[in-house]
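Enquirer: Once you've had a glance at the structure underneath, I'll fire off some questions.
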């Protein structure tokens, strides 16, 4: 699935509701789902981890829609190696990456 | 960009470093970047919001790589409308979505 396709899908499914609730609510949901993903990584099964990865991705796409920004453009930052050191693999000193 | 392509890109650029630091560090980075995105939504400019969207997406892809899971499979949960009510647009009662 293309990143743009994901955004369109989220817009069709949740766009109107998301806009009604507003951006702050979307940020809150994204934070909540990130927490659920963290818990699933620590003690969840594979199926739960996949579920939570999907939820975080979905809220991230919803947030991008509300901001009027493209995840494709956002990902472009990484399309030519590390945006800091420009190398692939990254050769940034220490723990600086990503 | 395809979700699978994003994961491959992150694996080539950061895979080795991510595996060295371990999954817990990746979860911590994802949480940190989600916080930076929340701040950028509240008071950042468009360019900063795009930057932070990219960083969250990048860490999410890195985490999926470390879990051995596919973001494509994760997104599939949303590919036939709302996973709760199965409708497009979502018709879940109240504030249940996504």
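Enquirer: Let me have the relative contact order for chain B, percent, based on Cα pairs under 8 Å that are six or more residues apart.
Expert: 29 percent
Enquirer: Between the label point of residue B:45 and that of the same position in each other copy, find the distances and list them shortest first in nm, with every label point placed 7 Å from Cα along the Cα-to-C-beta direction.
Expert: Copy-to-copy label distances at residue B:45, shortest first: 5.0 nm.
Enquirer: Could you give the distance between the Cα centres of the stretch A:3-76 and the stretch B:20-38, to the whole Å?
Expert: 16 Å
Enquirer: Tell me, A:62, B:70 in order of fewest to most beta-carbon neighbours within 10 Å?
Expert: Ranked by crowding around the Cβ, least crowded first: B:70, A:62.
Enquirer: In peptide B:75-81, what is the residue-averaged number of other protein chain Cβ atoms found within 10 Å of each Cβ?
Expert: That works out to 6 on average.
Enquirer: From the square roots a ≥ b ≥ c of the eigenvalues of the alpha-carbon gyration tensor of the protein assembly as shown, which class results: rounded (a/c under 1.5), prolate (a/b over b/c), or oblate?
Expert: prolate
Enquirer: How crowded by other chains is B:83-91, given as the mean number of beta carbons from other chains within 10 Å of each beta carbon?
Expert: 3
Enquirer: If you don't mind, there's one more thing I want to ask. Could you work out, residue by residue across B:15-25, how many beta carbons of other chains sit within 10 Å of that residue's beta carbon, and then give the average as an integer?
Expert: For this peptide, the per-residue mean of nearby foreign Cβ atoms is 2.
Enquirer: In deg cm²/dmol, rounded to 500, what helix-only [θ] at 222 nm does chain A give when every DSSP H run of at least 4 residues adds -39500 (n - 2.57) and the total is split over its residues?
Expert: Dividing the helical sum by the residues of chain A leaves -23500 deg cm²/dmol.
Enquirer: Okay, moving on. So which residue, out of A:48, A:33, A:20, gets the largest mean-square fluctuation from a GNM of chain A using Cα contacts under 10 Å as springs?
Expert: Taking springs between Cα atoms under 10 Å, the residue moving most is A:20.
Enquirer: Next question, about the same structure. Give the angle, between 0 and 90 degrees and rounded to the nearest 10, that separates the Cα long axis of helix B:46-67 from the longest principal axis of the Cα atoms of chain B.
Expert: 80 degrees
Enquirer: Against the longest alpha carbon principal axis of chain B, how many degrees, from 0 to 90 and to the nearest 10, is the axis of helix B:3-21 turned?
Expert: 40 degrees
Enquirer: Classify the stretch A:46-98 from the C-alpha gyration tensor, please: rounded if a/c falls under 1.5, else prolate or oblate depending on whether a/b exceeds b/c.
Expert: It comes out oblate by the Cα gyration axes.
Enquirer: How far is helix A:23-43 tilted, in degrees, relative to the longest principal axis of the Cα atoms in chain A, given as a value from 0 to 90 rounded to the nearest 10?
Expert: In chain A, helix A:23-43 runs at an angle near 60 degrees to the longest axis.
Enquirer: Let me check the size of the stretch A:1-67 from its C-alpha atoms; what are the radius of gyration and Dmax in Å?
Expert: When restricted to the Cα atoms of the stretch A:1-67, Rg and Dmax are 12.3, 35 Å.
Where a number appears in this text, it was derived from the coordinates with a stated rule and is not lab data. Every value quoted in this text rests on a predicted model; they were computed, and no experiment measured them. No Cβ is skipped: glycine too gets one built from the backbone with ideal geometry, and neighbour counts run over all protein chains shown.
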